[in-house]
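Accompanying notes for the structure given below.
The values are calculated or read from the model by the stated rules, or taken from the named source; none is laboratory data. Every value quoted in this text rests on a predicted model; they were computed, and no experiment measured them. FYI the Cβ positions are ideal-geometry reconstructions off the backbone, even for glycines, and counts take in every protein chain you see.
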Amino acid sequence: MDADAPAPDADLVVLVDPGDRVRGTLPKLEAHRAGALHRAFSVFVFDSQGDLLLQRRARIKYHSGGRWTNTCCGHPRPDEDTGLAARRRLREEMGFTCPLTPVGSFTYRADVGGGFEEHELDHVYVGVYDGVPLPSPAEVDAWQRCAVGVLREELRRAPGSFTAWFDEALAVALRADAPPLPAALRGKRF
């Protein structure tokens, strides 16, 4: 097998019940057309000053293209640990890795246009990285670091500029209020 070839199950998502117990698998596009509840993750990487590394999803993505979102997100493959999947996608999307800590999860459902519906049990991970990302153009159109207070104001002003899951996932990330959050963010309310 070619080391650069995608895994045979790369396009499958893990279907779960509300308690995150596995119910089976479906091809990713089929799960998003059906609105089937499946496992996902959202990664939030801050720098040591507390600014969040955001990405604008590539416009060529099948949903939510051109919208700002967390550092990276995705779906674990069948039988893949969710934390390992989060690190894998961080490397694939943003071109770097860093230690990630799970900080919580939430379930959401949202129509994301084009006949697709997100219905995910989303596991949130937080990390700290001060380097420069090298994003994949197939995944990311742009990136920036943003202070959380400024970001919260922008979410209120222009919510349609962000992905459907971003605001709720950010709230979970910020509730960590201890390491792995940078000290600059601990104890603050946004």
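Observations
- When segment 134-146 is limited to residues that are assigned to a loop (DSSP other than H, G, I, E, B) and among the aliphatic types (A, V, I, L, M), the one that is modelled with the lowest pLDDT turns out to be Ala138.
- Test: residue in segment 145-163 that is within 23 Å of Lys28 (Cα to Cα), touching a Lys or Arg at 6+ places or on another chain (Cβ under 8 Å) and not polar (S, T, N, Q): yes
- Exclusive hit being crowded, with 20+ Cβ neighbours inside 10 Å, closer than 28 Å to Pro159 by Cβ and modelled with pLDDT under 95, set Ser42, Ser64: Ser64
- Filter result (touching a strand residue (DSSP E or B) at 6+ places or on another chain (Cβ under 7 Å), assigned to a loop (DSSP other than H, G, I, E, B) and surrounded by 15 or more Cβ atoms within 10 Å (Cβ to Cβ)) within segment 79-108: Cys98, Leu100
- Put simply, of Glu154, Glu139, Glu168 the only residue that is touching a residue at least 24 places away in the same chain (Cβ under 8 Å), of a type in the set (Asp, Glu) and farther than 18 Å from Pro102 by Cβ is Glu139.
- Sub-8 Å Cβ pairs linking a first residue in segment 70-99 that is of a type in the set (Lys, Arg) to a second residue that is part of a helix (DSSP H, G or I), at least 6 apart or interchain, are Arg77/Ala85, ordered by first then second residue.
- Number of the exception - His38 against (1) in contact with a Leu (Cβ under 7 Å, 6 or more places away or on another chain); (2) without any contact (Cβ under 8 Å) to a residue 40 or more places away in the chain: (2)
- When Gly149, Gly131 are checked against the criterion of being in a loop (DSSP other than H, G, I, E, B), loosely packed, with under 14 Cβ neighbours inside 10 Å and either out of contact with any Gly (no Cβ under 9 Å at 6 or more places or on another chain) or basic (Lys, Arg) (or both), Gly131 stands alone in meeting it.
- Some residue of segment 109-116 being touching a Cys at 6+ places or on another chain (Cβ under 8 Å), touching a residue at least 24 places away in the same chain (Cβ under 8 Å) and not in a strand (DSSP E or B): no
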